[in-house]
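The values are calculated or read from the model by the stated rules, or taken from the named source; none is laboratory data. Computed from a prediction, not measured in an experiment: that's the story for all the values here. We place every Cβ from the backbone using ideal geometry, glycine too, and count neighbours over all the protein chains shown.
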Amino acid sequence: MKHSNPETVLVTGAAGNIGSALTHALCADGRFRVIGVDDLSTGSRHKLPPNDERFRFIKADVNDFGEISAIFLSAPIRWVFHFAAVVGVQRTLANPLKVLRDIDGIRHVLSLSKNGQVNRVFYSSSSEVYGEPVSLPQHELVTPLNSRLPYAIVKNLGEAYFRSYYEEHGLPYTVFRYFNTYGPNQSDDFVIPKLLHAAMLGQPLTIYGDGRQTRTFCYIDDNVETMTRCLIEDHCVNDVMNIGSDVEMSVLDLAHLIKRATGSQSEISHLPPLKEGDMTRRKPDITKMMEILRRPLVPVEEGIARLMAHWKGTHR
């Protein structure tokens with residue numbers, strides 16, 4: 001259904017895994033038009049819709065105030081999803097100063113939002129704010145702040161900025177803490193696409209350490225539907241929400257599952273453990289998410305089958 005006066009949504013980091021999926025979902029909803037911003041340092045333009053009346057892509061760096069302020073001045077932005085960040089364990093470990101520079105982008109987005117007509121800002125935080133878990137499942141009110149990694153520090157600081165801008169300036173916010181969201185647009189340096197592509201090609205499946213570290217895996221559709229409901233139905237205003245699955249699985253078990261799903265004869269190869277950044281366990285409390293979604297999550301077996309079908313379809 002086409003609406004006469006669609007509202008403008010700004011998505012930074014739009015060419016990434018979650019940003020691109022959200023952009024497609026919002027563009028398909030007649031109530032919104034989207035400005036997608038990305039510097040394309042890790043994202044890809046092909047993940048995004050073509051430019052038309054519903055979508056406009058702008059290559060820009062949110063950490064550069066001049067570039068992002070010009071975008072805010074170009075349209076009456078009503079909603080902001082700030083996803084732009086350096087992501088990926090290996091990438092963030094290798095580029096700590098670049099990670100810390102993301103603080104500039106957080107400040108720029110918030111200062112520009114408070115001065116305009118923005119209704120609410122949404123922030124992509126991370127399960128890394130929990131560090132090593134002190135209790136399971138990991139609840140939004142329990143954040144031990146025991147990680148010294150720049151990525152975890154920046155995400156914690158970012159959350160503090162969003163809360164502080166609400167307290168000082170009345171700018172409404174929502175913080176999403178993501179737990180391993182996977183989907184067709186995720187790059188190969190993340191665990192599921194990395195292992196799945198290797199298995200489909202008959203290559204060794206490489207995992208760090210003994211593979212007993214656990215994670216939970218959330219299919220992109222579950223993530224995006226939760227976020228869009230928060231936007232449209234006014235959920236989680238001035239609050240924090242875990243977004244992920246609550247089904248805990250070791251990385252080794254994931255590798256075996258992928259081997260079964262693909263019928264692969266690939267060997268599982270163990271690399272030395274990472275010195276930092278590979279937390280032993282992850283399992284979120286997703287009570288808030290499930291109250292909003294109101295349906296079962298996509299099981300990881302089904303999500304992997306969807307990825308296989310997608311990749312086979314794109315390589316015909």
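Listing for the model above:
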| read-out | value |
| --- | --- |
| Segment 135-163 residues that are more than 29 Å from residue 118 (Cα to Cα), paired with ones that are of a type in the set (Lys, Arg) and part of a loop (DSSP other than H, G, I, E, B) (beta carbon under 8 Å, 6 or more apart) | 136/281; 136/283; 137/283; 138/282; 138/283 |
| Segment 41-51 - residue that is part of a loop (DSSP other than H, G, I, E, B) and at pLDDT 95 or above and, of those, farthest from residue 5 (Cα to Cα) | 48 |
| Those residues of segment 93-129 which are of a type in the set (A, V, I, L, M, F, W, C) and either out of contact with any Gly (no Cβ under 7 Å at 6 or more places or on another chain) or free of Cβ contacts under 8 Å to residues at least 24 places away in the same chain (or both), in sequence order | 94, 97, 99, 100, 103, 109, 110, 112, 118, 121, 122, 129 |
| All positions within segment 88-117 that are farther than 24 Å from residue 182 by Cα, of a type in the set (A, V, I, L, M, F, W, C) and at pLDDT below 90 | none |
| Matching residues in segment 102-117 - criterion: being surrounded by fewer than 23 Cβ atoms within 10 Å (Cβ to Cβ) and of a type in the set (A, V, I, L, M, F, W, C) | 103, 112 |
| Residue ID - surrounded by the most Cβ atoms within 10 Å (Cβ to Cβ), chosen from residues in segment 1-53 that are among the basic types (Lys, Arg) and either out of contact with any Phe, Trp or Tyr (no Cβ under 8 Å at 6 or more places or on another chain) or free of Cβ contacts under 8 Å to residues at least 24 places away in the same chain (or both) | 47 |
| Scan of segment 12-33 for residues that are more than 13 Å from the chain's Cα centre (by Cα) and either part of a helix (DSSP H, G or I) or not assigned by TED's automatic domain parsing to the domain that holds residue 222 (or both), ordered by number | 24, 25, 26, 27 |
| Sole residue being under 19 Å from residue 187 (Cβ atoms) and not in a loop (DSSP other than H, G, I, E, B), chosen from 36, 66 | 36 |
| Any hit, segment 147-167, residues being assigned to a loop (DSSP other than H, G, I, E, B) and surrounded by fewer than 16 Cβ atoms within 10 Å (Cβ to Cβ) | yes |
| Filter pass, residue 251 being β-branched (Val, Ile, Thr) and without any contact (Cβ under 8 Å) to a residue 60 or more places away in the chain | no |
| Filter pass, residue 295 being more than 26 Å from the chain's Cα centre (by Cα), free of Cβ contacts under 8 Å to residues at least 12 places away in the same chain and exposed (fewer than 13 other Cβ atoms within 10 Å of the Cβ) | no |
| Some residue of segment 168-179 being at pLDDT 90 or above, within 15 Å of the chain's Cα centre (by Cα) and in a loop (DSSP other than H, G, I, E, B) | yes |
